[in-house]
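Participant: Got a structure for you, questions after.
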Amino acid sequence: MSEDTQTAPEALTFADLGLSPKVLSAVTDAGYTQPTPIQAGAIPHALQGKDVLGIAQTGTGKTASFVLPMLTRLEKGRARARMPRTLILEPTRELAAQVEENFVKYGKNHRLNIALLIGGVSFDEQEKKLERGADVLIATPGRMLDHFERGKLLLTGVEILVIDEADRMLDMGFIPDIERICKLIPFTRQTLFFSATMPPEITKLTEQFLHAPIRVEVSKAASTSTNITQRLVKSGPKPWDKRETLRKLIDAEGDAIKNAIIFCNRKVDVSELFRSLVKHDYDAGALHGDMDQRARMAMLAGFRDGKLKLLVASDVAARGLDIPEVSHVFNYDVPIHAEDYVHRIGRTGRAGRLGKAFTIVTKSDTKYVDAIERLTGLPVEWHDGDLSTVVASEGDDEAPRRGRGAPRRAGKEKHGRERDRKPREETPVAQAVAVAAPASPAPVDNVVSDIDERRVRKEAIRNGNADRKPREHDDKPRRDDNRGNRRHQREEDDDRTIGFGDDMPAFMLITTNV
């Protein structure tokens, strides 16, 4: 793959890049006069119809690097029904929706039809937009292929293909979908790749998608912004240790936190941490991939508008989301993939602002921290002492386990997981239930009598007469004691279930010989 590495010229304005007057007017109204380095390097080549491979730090304006030249080129021509003129592929719904917002903002002087194809939204509304003809089609790969297989979409008219967050699209399972989509699009298309990270093995995969691309690299791949203060924070291994560490960090930063994103590796941890923060009276919301699409968009809108101070999120919020005034990022979990660290902390320190990023680290996370420092090429300082100062508490996961011959603890030995478990934090619902509960438990005799009454009822039903008293047992021993034990066990099991009650079907009331 032949490629030219371009550096961004200095002292340029948007008027020097060759954009149309309509686009320049919208950019000026948005308050921008000078392009960022990636914009200055990529836009002229994109306007010339060349393939571009753009690499720059997150938060440097990569979205505008393809939106602005596309708007200029789309001023000529019209879209036809079910045949979009351009296609933009995004890895997540949130990124796709954000790109649509950019087209609306910078394309306000154009009369373009924009279609957004993402999951969690009705097919019918999306099909109506496709029927009108889409100048710009923004989609996630799965939903776009669903429309194509339904016969509602033709890709033979696509002139420009944009693959945003290219490393994620290619490295996280989208390769088969991307390959299929590229075969459906004309070979003469223009292709634009943009990403903050581009490992060599991923760059090789772009050879089958790009033709003689111009490589625009305005910063070291996988580098982090110098506007962000990065710190590592030690913690014990238990979940409650990490939650306490996070609360101390938030309290210590105090009013310096305008708003912050807290990243977790797993969706279940997002939910648990969100509930814990709310319980401790923090203004928090949650965002992860299992949420309904409307709930996700509403949560993002509330956070962007300043209605929420803390947003607990999975990596669905780590890529490309443009919320300019995020002051802090907290990594509750160290990301397993080092590239994700670059994208996570890139949510702060955007557009020249200052930001802070704190990463909570346990002893089991050291290999991931080493990978991050190798990727970025810079060591990250410790906030208040390194892991060597962590005192292992009783029951730590990393403490040696009791051997086979070791003495047991005094008293009743519990199962290992129960033994290490900290008392569960009570939620507001649990507290309300506790308040509403009676002061003293019901008498044991009443409970036993209820069980006996149910047993009497079931014995009568088995004998075909619900009104008859239970049969008294004779003194003759059974032929098979084990059989009697098994039947007794079945009766005990029956006591723990609720059957048909008074609505017993007639065919089950047949008298049988016992």
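The values are calculated or read from the model by the stated rules, or taken from the named source; none is laboratory data. The shown structure was predicted, so the numbers you read here are calculated from the model rather than taken from an experiment. Every residue, glycine among them, receives a Cβ derived from its backbone with ideal geometry; neighbour counts consider all protein chains shown.
Participant: Inside region 265-277, can you point out the residues that are touching a residue at least 24 places away in the same chain (Cβ under 8 Å) and assigned to a helix (DSSP H, G or I)?
Facilitator: Residues satisfying the conditions are LYS267, ASP269, VAL270, GLU272, LEU273, PHE274, ARG275, SER276, LEU277.
Participant: Can you confirm whether region 337-349 contains a residue that is touching a Pro at 6+ places or on another chain (Cβ under 8 Å), of a type in the set (Asp, Glu) and modelled with pLDDT under 85?
Facilitator: Yes - at least one qualifying residue is present in region 337-349.
Participant: Scan region 200-213 and tell me whether some residue there is within 24 Å of VAL334 (Cα to Cα) and crowded, with 18+ Cβ neighbours inside 10 Å.
Facilitator: Yes, the conditions are met somewhere in region 200-213.
Participant: I've got another one for you. Hey, among the residues in region 159-183 that are surrounded by 20 or more Cβ atoms within 10 Å (Cβ to Cβ) and within 22 Å of GLU75 (Cα to Cα), which one's nearest to the chain's Cα centre (by Cα)?
Facilitator: Here the answer is ILE163.
Participant: Mind checking whether some residue in region 335-352 is of a type in the set (Ser, Thr, Tyr), in contact (Cβ under 8 Å) with a residue 24 or more places away in the chain and more than 20 Å from LYS248 (Cβ to Cβ)?
Facilitator: Looking for residues that are of a type in the set (Ser, Thr, Tyr), in contact (Cβ under 8 Å) with a residue 24 or more places away in the chain and more than 20 Å from LYS248 (Cβ to Cβ), one finds at least one in region 335-352, hence yes.
Participant: Could you list all residues from region 290-321 that are surrounded by 20 or more Cβ atoms within 10 Å (Cβ to Cβ) and at pLDDT below 80?
Facilitator: Hits for region 290-321 are VAL316, ALA317, ALA318, ARG319, GLY320, LEU321.
Participant: So which residues in region 369-388 are surrounded by 13 or more Cβ atoms within 10 Å (Cβ to Cβ) and small (Gly, Ala, Ser)?
Facilitator: ALA371
Participant: Quick check on region 329-368: of everything there that is of a type in the set (Val, Ile, Thr), closer than 15 Å to PHE263 by Cβ and in contact with a strand residue (DSSP E or B) (Cβ under 9 Å, 6 or more places away or on another chain), which residue is surrounded by the most Cβ atoms within 10 Å (Cβ to Cβ)?
Facilitator: Per the criteria, the residue is ILE345.
Participant: Another question, then. Evaluate the following for ILE262: is it assigned by TED's automatic domain parsing to the domain that holds HIS328 and assigned to a strand (DSSP E or B)?
Facilitator: yes
Participant: Still on this structure, I have one more. Take LEU246 and tell me if it is touching a Lys or Arg at 6+ places or on another chain (Cβ under 7 Å) and at pLDDT 95 or above.
Facilitator: When the stated conditions are applied, LEU246 does not pass them.
Participant: Across region 239-281, which residue is surrounded by the fewest Cβ atoms within 10 Å (Cβ to Cβ) among those that are hydroxyl-bearing (Ser, Thr, Tyr) and out of contact with any helix residue (DSSP H, G or I) (no Cβ under 7 Å at 6 or more places or on another chain)?
Facilitator: SER271
Participant: Of the residues LEU155, LEU130, LEU112, only one is buried (at least 17 other Cβ atoms within 10 Å of the Cβ), touching a helix residue (DSSP H, G or I) at 6+ places or on another chain (Cβ under 6 Å), among the aliphatic types (A, V, I, L, M) and touching a residue at least 12 places away in the same chain (Cβ under 8 Å); which?
Facilitator: Answer to the selection: LEU155.
Participant: Please give the number of the condition ILE160 fails out of (1) in contact with a Pro (Cβ under 7 Å, 6 or more places away or on another chain); (2) within 25 Å of LYS204 (Cβ to Cβ).
Facilitator: Of everything listed in (1) in contact with a Pro (Cβ under 7 Å, 6 or more places away or on another chain); (2) within 25 Å of LYS204 (Cβ to Cβ), ILE160 misses just condition (1).
Participant: Also, quick follow-up: Looking only at region 139-165, count every residue that is among the charged types (D, E, K, R) and over 24 Å from SER65 (Cβ atoms) and tell me the total.
Facilitator: 5
Participant: Kindly list, by first and then second residue, each pair from a residue in region 365-377 that is of a type in the set (Phe, Trp, Tyr) to a residue that is modelled with pLDDT of 90 or more and not in a helix (DSSP H, G or I), limited to pairs with Cβ atoms under 6 Å and residues at least 6 apart or on different chains.
Facilitator: Cβ pairs passing all conditions: TYR368/VAL334.
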